[in-house]
Every structure is written in structure tokens, then in C-alpha cells.
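Accompanying notes for the structure given below.
The values are calculated or read from the model by the stated rules, or taken from the named source; none is laboratory data. Treat the numbers as computed from the prediction; the structure is a model and nothing was measured. No Cβ is skipped: glycine too gets one built from the backbone with ideal geometry, and neighbour counts run over all protein chains shown. SASA here: full protein model, heavy atoms, side chains in, ligands and nucleic acids out. Shrake-Rupley method; radii C 1.70, N 1.55, O 1.52, S 1.80 Å.
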Amino acid sequence: MPQSRRRPALPLPLLPARFVGTVRRFFRAYEADESDARRFRARQLEALLRLTPLAMAVNVLNVVVIDFSVWDTAPTTMIASWSLTILIMAYMGVRGWVQSRARAERATASRRALRHAAIQAGLLGAVWGLLPALLFPVIDIDSKFYVGLVVTGMICAGGFALTSVPVAATSYVVCIGVGSVIALWYSGLEYAHLFSLLLFAYCGIVIHSVWTMAKTIGARLVAEAHAERQNEVIGLLLKDFEDHASDLLWELDARGRFAHVSVRLAQVLGVTAERLATAHAWAVLRRRMPDDDTGVTQWAALRSHVTDRRAFRDLHVSITHEGRRTWWALSARPLFDELGQVTGWRGVATDITDKHDAFRKLSWLANNDSLTGLVNRHQFRELLQTLLQGPAPVGPLAVVCFDLDDFKRINDSRGHAAGDRLLAIFGQRLLAAARRSDTVARLGGDEFAMVLRGATGEDEVRSLLDRLLASLDEPCDVLGQPEQLRVSIGVALAPADGHDVDTLLNHADLALYAAKDAGGHRWCLFHAALADTSRRRLALSQALLGAIERDEFRLVYQPQIDAEDQHISGFEALLRWEHAEHGSVSPEEFVPIAEATGMMHEIGDWVLRTACAEAANWPRGVSVSINVSATQLTGEGFVERVAAAAGDLQPSRVELEVTESALIEDADGAVGALRKLRQLGFRTALDDFGTGYSALGYLRRFPFDTLKIDRSFVRDLSRDGEAQVIVETILAMARALRMRTIAEGVEHPVEAEMLRERGCAAFQGFLVSRPLPAGDVTAFVEGWRPVPLRVVEPDAHTASA
């Protein structure tokens with residue numbers, strides 16, 4: 001080598017030592033301390049044992065091939081003795097494999113075990129190497145070819161089969177190779193010496209390849225051991241230094257007793273430290289584990305790991321002490337001595353009681369309604385899906401949907417606490433009326449559902465539902481006040497009314513709406529005619545497409561008058577739809593469809609443009625109020641579209657009305673848009689105040705210019721003291737916040753007078769006028785006479801805002 005020429009002063013006596021060191025390093029599969037080496041050797045031997053049956057079968061098969069090839073030319077006694085020797089060795093190998101299978105998997109192995117394996121492999125190789133030496137002098141050239149072919153294959157196959165134990169592989173190849181090379185050298189065959197050298201080189205290549213592969217395997221073993229040790233050390237250090245009382249380090253000796261008893265451990269197990277130090281740990285733990293199914297299963301899993309001497313991690317066990325049940329996660333590994341015997345266990349116990357309780361609560365919440373404790377929508381649908389399309393048919397059933405008729409009134413007038421209490425009471429009564437085989441669920445809000453198994457028709461559901469309705473006749477106490485429970489019920493039968501979850505629920509909903517339309521507090525069975533409602537909704541959604549281009553929409557305007565001097569302050573724009581086929585369609589019917597189908601943006605922009613353009617022709621000082629949907633308010637570029645629609649109309653003459661539900665869907669986006677509109681000079685109004693969810697919170701975040709009192713309060717103003725209190729509260733709050741108030745749906749003079757006396761700024765309704773076409777607004781304003789107010793009866797085609 002060039003380097004050696006540059007260093008001629010290298011002492012020659014060092015060369016043999018360096019050569020010896022290189023050889024030793026080559027014939028060393030891995031560098032490891034004795035603790036790791038014992039485990040590595042066990043894994044090497046286990047890998048070797050796994051191949052033993054196959055290797056012995058190959059040996060037996062090759063014996064048969066040899067006997068068949070040379071039986072006529074070789075001495076019978078010689079070949080029979082050799083074959084018997086191989087068969088005996090194969091039998092011993094298989095017997096050793098069977099015995100190893102009966103024992104537990106070894107964790108460690110000594111150097112002597114590897115030497116024993118090398119000796120066995122060398123003996124087997126020597127017997128095979130003896131074959132050509134015995135037979136070549138007495139068999140013909142064809143038989144020599146077959147023998148040489150088999151022996152060469154055995155060199156290759158046997159060497160690589162023993163790769164996991166390279167010492168054994170080397171011993172085997174050397175023994176079989178030496179015998180074969182010598183036999184071939186003296187065989188007298190043409191070119192025998194040349195082929196002998198080639199066979200010798202071939203054996204060397206096999207040995208070199210075996211050790212190269214063994215080094216790769218050894219490097220992997222070392223890397224795995226290093227990673228395992230690092231993880232173990234890091235894990236123990238972290239557990240040891242965590243400054244809390246949820247973890248325990250524990251160690252057992254060979255007799256199963258605690259090697260160290262801490263105060264915390266004694267407290268957890270409820271045993272004194274002195275007694276715990278002499279007690280059998282597994283017996284103490286078993287006595288503290290519950291005897292229910294969970295405890296028995298946990299103990300069986302733990303016992304299995306201990307008996308099989310297998311490490312385990314995060315094995316959950318529960319412990320009961322003084323009536324309290326705690327949960328622990330155990331992680332441990334067995335400790336072995338040099339002979340592979342278990343000397344104890346070492347591990348960590350982590351208190352996971354809080355986590356376990358939280359998981360159980362989350363699991364319960366994932367499948368149950370937190371307010372009523374009933375099954376929730378997700379679990380109900382999964383159960384129904386299983387019943388309808390599961391592997392085991394369950395027969396006919398009924399899906400029943402419930403909706404509380406007066407829930408919105410109670411929730412709005414008395415608050416969410418009363419509404420929640422009403423829902424809980426109704427859930428309890430549903431459970432009381434249901435059979436054990438029925439499933440009751442709360443789908444959300446005031447929607448409930450039930451599955452009745454075995455229901456084939458009306459007769460099967462009649463008795464239960466009639467009994468339920470009768471139980472609701474008894475008033476319930478809701479936060480100290482009696483309330484009457486009224487419920488509408490829809491029923492759909494499977495398989496008659498549907499074979500899947502969505503179809504059945506949809507049909508039950510259609511039947512429920514029919515019960516509501518019939519006056520409520522009754523039940524209705526689904527029939528095909530009810531599907532017409534669903535088909536009408538679909539037809540209307542299709543008819544809305546292109547309605548603007550066909551000029552089917554129009555705006556009418558309802559006057560708003562000042563309560564004191566009764567001058568006209570503005571008009572509210574109301575949308576109307578006249579369709580050639582469907583006729584006059586109410587906004588209450590087509591607006592939700594437009595919002596659900598995404599057409600409300602286009603329709604809302606048309607309303608903005610049209611209302612502002614028509615208001616520009618009104619007398620000065622008369623404003624226009626325009627309703628804005630939730631989808632419009634939070635849509636991209638809404639503020640810019642409002643400004644563009646206003647055109648030359650002064651922003652102060654435009655008031656945008658939003659409902660509380662619009663704020664709930666995207667409060668931040670809605671408030672942000674309203675702030676920008678206020679900055680541009682537009683006025684804002686909160687419509688239907690008091691019927692939503694958290695109006696006070698929105699008033700605190702955003703000061704509206706106007707609060708509109710919902711007609712439901714105005715309608716009951718003259719006969720309901722509670723409605724009077726609510727209206728007076730709204731008016732007082734509006735004054736405190738410097739907001740203007742407008743009452744909707746005023747139809748009688750007494751209502752107008754009561755509102756004026758209580759400080760309401762303005763009102764609108766049929767007492768003033770029915771909604772007017774745009775062309776009549778100017779004439780109405782010019783011809784308006786403040787007194788006396790005219791009572792206008794509503795007709796079928798107009799409705800107040």
C-alpha cells in the first residue's frame with residue numbers, strides 16, 4: 001500500500017499483531033457487554049432453532065438422493081452406516097427443536113451454548129465431508145458428479161442457514177469443505193487439483209459472506225439494544241423526577257416480594273409498610289382488585305404476562321380501597337440472571353384514575369345527551385342502522401319523532417334554564433312510557449326520537465303513544481311554575497315506509513309536521529300524501545332558479561309611524577314572490593329554501609338594489625328598512641355591495657335589519673360587518689328582539705340604532721301581564737342604551753296606546769296600513785293624516801313584518 005511506503009520505519013514485529021487484530025475483528029459479529037451479549041446470543045439461537053426443522057428435512061432428503069445415486073456402486077455397509085449417522089443427527093436436531101418449543105422462549109444464552117451449537121454444526125459438516133472421502137475411491141464418475149453436486153449444495157445451503165450463529169456456520173463449512181476438498185484432490189479426476197482449489201475458494205467465500213451478514217445482524221442487535229436502553233433510562237429518569245404523586249416505581253425480588261416499600265405504595269394498597277415488605281406482591285394486588293368482570297379480565301391479562309415472563313406496558317388494572325376505586329397503568333419488565341432465571345420485576349405504576357374517569361365521561365358524552373341522559377343523535381342513528389341493515393334481522397319496527405309544541409315560547413319567555421328543565425322532564429316521561437326493548441333518544445333542541453321494535457302497524461304504536469300523551473296531561477313543575485307539556489308526534493314504520501335511516505327519519509318528520517298542522521299534541525302515522533310537502537319544497541327550490549330573471553319578485557312597503565306625533569318615519573321593505581305555477585308563495589316558506597340552497601345572496605342583493613332605488617324617489621326624510629339574512633351579512637364583500645346598492649341615496653335613510661339568529665351563526669363576522677356599515681353612515685336594527693338566544697351579549701358588543709319588539713309580545717300586551725313586563729323591560733333597556741324602539745304587528749288602538757305610554761318610539765302593523773306597492777308610497781305619505789288612526793284588517797296576501 002502507498003501509505004506503508006511512506007512509513008518505512010514501521011517495526012516489523014507489529015505487523016503480525018495488527019494482522020491478528022484484524023482477523024479477530026473480522027470474526028466478531030458485534031461489540032457488546034456481557035449483559036447485552038447474553039440476550040443477543042439468545043436471539044441468535046432462537047433464529048437458528050426456527051430453521052432447524054427445515055434444515056433437518058433437507059438433510060434427510062439429501063440422504064435419500066445420495067442413497068439412490070450410489071446404492072448400486074458403493075459398499076452397502078458403508079453407505080448405510082453413513083446414512084444412519086445423518087438420520088440420527090437429524091433426529092437429535094428435531095428433538096432439540098421440539099424441546100425448545102415446549103419451554104418458554106429463552107431470554108439469555110451463554111457462550112457455551114454457542115460453542116455447543118458450533119460443535120453440533122461441525123459434527124454434521126464433518127459427516128457430510130466424510131462422504132466424498134469414503135465414496136470417491138469406489139464409485140463411478142457419474143456417481144461422483146451427483147455426490148459432488150449434493151455436497152456443494154450442502155456447503156452453500158448449510159452455511160447460509162446457520163448465518164444467525166456465524167461460529168456454527170464457519171465450523172460447518174470448514175468441516176464439510178475440508179473433507180470435500182481432500183476427497184476431490186485425490187479423486188484422480190481430470191483437473192481435480194484445479195477444482196479442489198476452486199472448491200476451497202468457494203468455501204472461503206461462503207464463510208466471508210456469512211460473517212458479513214452476521215455483522216449486519218449484529219449491528220442491528222446492538223442498535224436495538226442501545227435504543228431500548230436509552231428509552232428505558234429516559235423513561236425511568238422522567239418518572240423518577242416528575243414532582244407529583246401519580247407515579248410509583250416498584251421492584252420485586254425473585255420470591256415476588258417488594259424490594260422496596262415506599263409510603264405512597266403502602267397507602268395505595270392499604271397495607272402497612274412492614275406487612276407489605278413480607279407479603280407476596282401479586283397476592284396483595286389480587287386481593288385489592290375487584291371481583292367483577294373487569295377485575296377478572298385484568299387479573300388474567302396480568303397473570304399471563306407474569307407467568308410467561310413477558311414485559312408489559314400500560315396494562316390497566318383497577319384497585320379498590322376503603323370503597324374507592326382507582327385505576328393504574330402498570331409497566332414492567334422481568335429481571336434475569338446469567339443463567340436466564342427470573343430474579344424479579346421492575347416497573348412503574350401510574351395513577352390514571354382522573355384520565356380513566358374523563359375518558360368514561362367523554363365516551364358517555366359521545367353517545368348520550370348530557371342534559372337528559374338519553375341516547376344522542378349519533379348513537380341513535382348507528383343503532384337504527386344496525387337494526388335495519390345489520391347481519392341479524394330484527395323484524396319490523398317503528399321510528400317515532402317528537403317535538404315539543406310550546407318549547408320555544410317557554411324557552412324565550414322564561415329563559416334557557418326553564419327550557420332545559422322542560423326537556424329533562426319530557427325525557428323522563430318518555431323513558432317511563434317506553435318498553436324495555438325500546439330506545440329513546442334526544443336528537444337535539446326539543447327533538448326526540450324513539451325506536452319501537454316489533455311494531456308492524458298502527459295498533460302496535462297506538463297504546464304506547466296514547467299512554468304517553470295521557471301522561472303528559474299532568475302539568476309539570478318547571479322551576480316553581482306549572483307548565484303543560486304538549487308534543488307533536490310522527491311515526492314511520494319499517495320496512496313499509498323505508499329501509500334506511502334517512503328515509504325513515506324523514507318520513508317520521510313529515511308525519512310530525514302533519515301532527516303540528518293539525519293542532520299539535522297528537523300523533524300522526526306517515527302516509528304517501530305527506531311526501532307532497534317534501535316534493536313541494538323541492539319544486540320551490542327549483543322554481544327559485546331564475547326567479548329574478550323572470551321578474552317574479554316584488555317589494556311592498558309597510559309604514560312605520562312615530563308614536564308621539566304619528567308622522568311617517570319610514571317603511572319596511574317586504575319581499576313577495578309570485579310564481580306562474582305556484583302562485584303567491586309566502587316568504588316564510590321560500591326564504592329558508594333560498595338560504596339552504598345558497599340562492600339568498602343573489603336574492604338579497606336584488607332586494608338591496610331595488611329597495612334603495614325605489615326609496616330614492618320618496619319624500620326626503622323617509623327611510624327604508626331592509627331585512628338582511630345571516631348568509632348575506634357574513635358573506636364576502638357585503639359592505640361594498642350595500643354601499644353600491646345605496647347609490648345616491650343617503651346612507652342615513654337606509655336601515656339594515658338583522659335577526660339574533662344571524663348573529664349567532666358567525667358573531668365576529670356579523671359584528672365586524674355591522675361596524676363597517678355604521679362607519680359608512682348606515683343605520684342598523686336588531687329585529688325580533690327577545691326571541692333569540694343571547695341578545696344582551698350582542699348589544700354589549702355592538703350598539704344598534706334600533707330595537708324591534710317582536711309581534712308575539714305586542715299581541716299579548718293587552719291581556720298578558722308577563723308580556724307587559726317584558727315589553728317594559730325592553731323599552732327601559734333601550735332608553736338606557738340610547739336606542740330607538742319599533743313595535744311590530746300593532747293591530748289595535750289599545751296596543752298602540754299602551755306602547756306609546758311606555759315610551760315606544762314607533763310602531764308598524766295593520767293598525768297603520770297594509771304593505772303598499774312602491775308606486776303608492778309617495779301618495780300615502782302625502783295623504784297621511786295622523787289622527788285618527790285607521791284600523792286595517794289583514795288580507796290573505798299580505799302580512800306584517
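Every residue, every condition in (1) part of a helix (DSSP H, G or I); (2) farther than 16 Å from Arg409 by Cβ; (3) of a type in the set (Val, Ile, Thr); (4) touching a His at 6+ places or on another chain (Cβ under 9 Å), yes or no:
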residue: Val714; (1), (2), (3), (4): yes, no, yes, no
residue: Glu722; (1), (2), (3), (4): yes, no, no, no
residue: Met733; (1), (2), (3), (4): yes, yes, no, no
residue: Glu747; (1), (2), (3), (4): no, yes, no, no
residue: Met754; (1), (2), (3), (4): yes, yes, no, no
residue: Val768; (1), (2), (3), (4): no, yes, yes, no
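Within the stretch 606-622, which residues are open to solvent by 10 Å² or more (accessible area, probe 1.4 Å) and of a type in the set (Val, Ile, Thr)? Break it down stepwise before answering.
Here is the first cut: in the stretch 606-622, the ones open to solvent by 10 Å² or more (accessible area, probe 1.4 Å) are 606-607, 609-610, 613-614, 616-621.
Within the stretch 606-622, Val607, Thr610 qualify.
Considering only the stretch 660-668, I want to know if a residue exists there that is modelled with pLDDT of 85 or more, open to solvent by less than 60 Å² (accessible area, probe 1.4 Å) and not polar (S, T, N, Q). Give the steps one after another, and end with the answer.
As a first pass, look at the stretch 660-668 and keep what is modelled with pLDDT of 85 or more: none.
No; the residues of the stretch 660-668 include none that is modelled with pLDDT of 85 or more, open to solvent by less than 60 Å² (accessible area, probe 1.4 Å) and not polar (S, T, N, Q).
So, restricting to strands (runs of 3 or more DSSP E) that lie completely within the stretch 536-589, which ones have at least 3 residues that are open to solvent by less than 20 Å² (accessible area, probe 1.4 Å) and within 30 Å of Pro786 (Cα to Cα)?
553-562, 568-579
For residues in the stretch 458-512 being on the phi > 0 side of the Ramachandran plot and not hydrophobic (A, V, I, L, M, F, W, C), which is surrounded by the most Cβ atoms within 10 Å (Cβ to Cβ)?
Of the stretch 458-512, the ones on the phi > 0 side of the Ramachandran plot are 479-480, 498.
Now drop any that are not not hydrophobic (A, V, I, L, M, F, W, C), which leaves 480, 498.
Working: Gly480: 6, Gly498: 19.
By that ranking, first place goes to Gly498.
Taking the conditions exactly as written (part of a strand (DSSP E or B), open to solvent by less than 30 Å² (accessible area, probe 1.4 Å) and closer than 26 Å to Ala518 by Cα), does Leu452 satisfy them or not?
Details: part of a strand (DSSP E or B): yes; open to solvent by less than 30 Å² (accessible area, probe 1.4 Å): yes; closer than 26 Å to Ala518 by Cα: yes.
It is true that Leu452 is part of a strand (DSSP E or B), open to solvent by less than 30 Å² (accessible area, probe 1.4 Å) and closer than 26 Å to Ala518 by Cα.
Quick one: is Gly295 touching a residue at least 60 places away in the same chain (Cβ under 8 Å) and surrounded by 16 or more Cβ atoms within 10 Å (Cβ to Cβ)?
On the way: touching a residue at least 60 places away in the same chain (Cβ under 8 Å): no; surrounded by 16 or more Cβ atoms within 10 Å (Cβ to Cβ): yes.
No; evaluated as a whole, the condition is false for this residue.
If the requirement is being among the hydroxyl-bearing types (Ser, Thr, Tyr) and under 21 Å from Gly519 (Cα atoms), which of these qualifies: Ser413, Ser471? Break it down stepwise before answering.
Details: Ser413 fails: under 21 Å from Gly519 (Cα atoms).
Residue meeting the stated conditions: Ser471.
Being open to solvent by 60 Å² or more (accessible area, probe 1.4 Å) and closer than 18 Å to Ala254 by Cα is the filter; apply it to the stretch 276-292 and report the residue that is farthest from the chain's Cα centre (by Cα).
For the stretch 276-292, the residue satisfying everything is Thr278.
Just to be sure I understand, how many residues within the stretch 440-449 are crowded, with 19+ Cβ neighbours inside 10 Å and either out of contact with any strand residue (DSSP E or B) (no Cβ under 9 Å at 6 or more places or on another chain) or within 20 Å of Pro396 (Cα to Cα) (or both)?
Within the stretch 440-449, the subset crowded, with 19+ Cβ neighbours inside 10 Å is 440-443, 446, 448-449.
Those still in the list that are either out of contact with any strand residue (DSSP E or B) (no Cβ under 9 Å at 6 or more places or on another chain) or within 20 Å of Pro396 (Cα to Cα) (or both) too: 440-441, 449.
Residues meeting the conditions: 3.
Which of the residues spanning the stretch 310-324 are touching a Pro at 6+ places or on another chain (Cβ under 7 Å) and either modelled with pLDDT under 85 or buried (at least 18 other Cβ atoms within 10 Å of the Cβ) (or both)?
We begin by selecting, within the stretch 310-324, every residue touching a Pro at 6+ places or on another chain (Cβ under 7 Å); these are 311, 318, 320.
Within the stretch 310-324, Ser318, Thr320 qualify.
Return the residues of the stretch 636-648 that are closer than 20 Å to Ala596 by Cα and either aliphatic (A, V, I, L, M) or buried (at least 18 other Cβ atoms within 10 Å of the Cβ) (or both); say none if nothing qualifies.
Passing the criteria: only Phe638.
Would you call Ala102 closer than 30 Å to Arg38 by Cα and either crowded, with 16+ Cβ neighbours inside 10 Å or hydroxyl-bearing (Ser, Thr, Tyr) (or both)? Quick ask: steps written out before the conclusion?
On the way: closer than 30 Å to Arg38 by Cα: yes; either crowded, with 16+ Cβ neighbours inside 10 Å or hydroxyl-bearing (Ser, Thr, Tyr) (or both): no.
So Ala102 does not fit the description; no.
Looking at Leu265, Leu339, Leu335, which one is in contact with a helix residue (DSSP H, G or I) (Cβ under 9 Å, 6 or more places away or on another chain) and within 30 Å of Ala107 (Cα to Cα)?
Going through Leu265, Leu339, Leu335 in turn, just one is in contact with a helix residue (DSSP H, G or I) (Cβ under 9 Å, 6 or more places away or on another chain) and within 30 Å of Ala107 (Cα to Cα): Leu265.
Within the set of pairs 6+ apart or on separate chains, which have a first residue in the stretch 64-78 that is within 18 Å of Pro132 (Cβ to Cβ), a second that is at pLDDT below 85 and surrounded by fewer than 13 Cβ atoms within 10 Å (Cβ to Cβ), and C-beta atoms under 6 Å apart?
Thr73/Asp140
Can you pull out the residues in the stretch 590-619 that are in a helix (DSSP H, G or I) and either modelled with pLDDT under 90 or within 17 Å of Arg535 (Cα to Cα) (or both)? Steps first, answer last, please.
Initial filter on the stretch 590-619 (in a helix (DSSP H, G or I)): 590-596, 600-615.
The answer is Phe590, Val591, Pro592, Ile593, Ala594, Glu595, Ala596, Met600, His601.
Could you please let me know if Gln764 is in contact (Cβ under 8 Å) with a residue 60 or more places away in the chain and closer than 30 Å to Val642 by Cβ?
Details: in contact (Cβ under 8 Å) with a residue 60 or more places away in the chain: yes; closer than 30 Å to Val642 by Cβ: yes.
Yes; evaluated as a whole, the condition is true for this residue.
Give the residues of the stretch 462-487 that are in contact with a Lys or Arg (Cβ under 8 Å, 6 or more places away or on another chain), in a helix (DSSP H, G or I) and either of a type outside the set (A, V, I, L, M) or without any contact (Cβ under 8 Å) to a residue 24 or more places away in the chain (or both), sorted by residue number.
Passing the criteria: only Ser471.
Give me the residue from the stretch 154-205 that is open to solvent by 30 Å² or more (accessible area, probe 1.4 Å) and outside any helix (DSSP H, G or I) and, out of that set, modelled with the lowest pLDDT.
By that ranking, first place goes to Gly188.
If I filter the stretch 36-59 for residues that are acidic (Asp, Glu), open to solvent by 60 Å² or more (accessible area, probe 1.4 Å) and at pLDDT below 80, do I get at least one hit?
Going through the stretch 36-59, the residues acidic (Asp, Glu) turn out to be 36, 46.
Those left that are additionally open to solvent by 60 Å² or more (accessible area, probe 1.4 Å): none.
No, the conditions are met nowhere in the stretch 36-59.
How many of the residues making up the stretch 513-535 are crowded, with 22+ Cβ neighbours inside 10 Å and either of a type in the set (Asp, Glu) or not in a helix (DSSP H, G or I) (or both)?
Of the residues in that region, 3 qualify.
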